[in-house]
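Okay, structure first, notes after.
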C-alpha cells in the first residue's frame, strides 16, 4: 500500500481545497466563507479554528 504525504485515512474522505492554507483538506469540519461578487471560499477546520480563536469572535 502506497501512502502519499497526506494521512492514509484521507484517501476515502472527500477532499476540498482550502483557500486559507492552500492545501487539500477533509471536507468535514470546514466551512464556507462568503466573499464579494456572490462567490464563496472554503476553509478547512484548522484554519477555521485559528481564525476564530485569533480574532476572538467566532463566526457562525
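The values are calculated or read from the model by the stated rules, or taken from the named source; none is laboratory data. Remember, predicted model here, so these are calculated numbers, not experimental data. Methodologically, a virtual Cβ is constructed for each residue, glycine included, from the backbone with ideal geometry; neighbour enumeration extends over all protein chains shown.
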Any residue at all in the stretch 42-54 that is touching a helix residue (DSSP H, G or I) at 6+ places or on another chain (Cβ under 9 Å) and modelled with pLDDT of 60 or more?
yes
Scan the stretch 31-55 and report the pairs whose first residue is under 17 Å from residue 17 (Cβ atoms) and whose second residue is loosely packed, with under 15 Cβ neighbours inside 10 Å and at pLDDT below 90, with Cβ atoms within less than 7 Å and a gap of 6+ or a chain change.
41/35
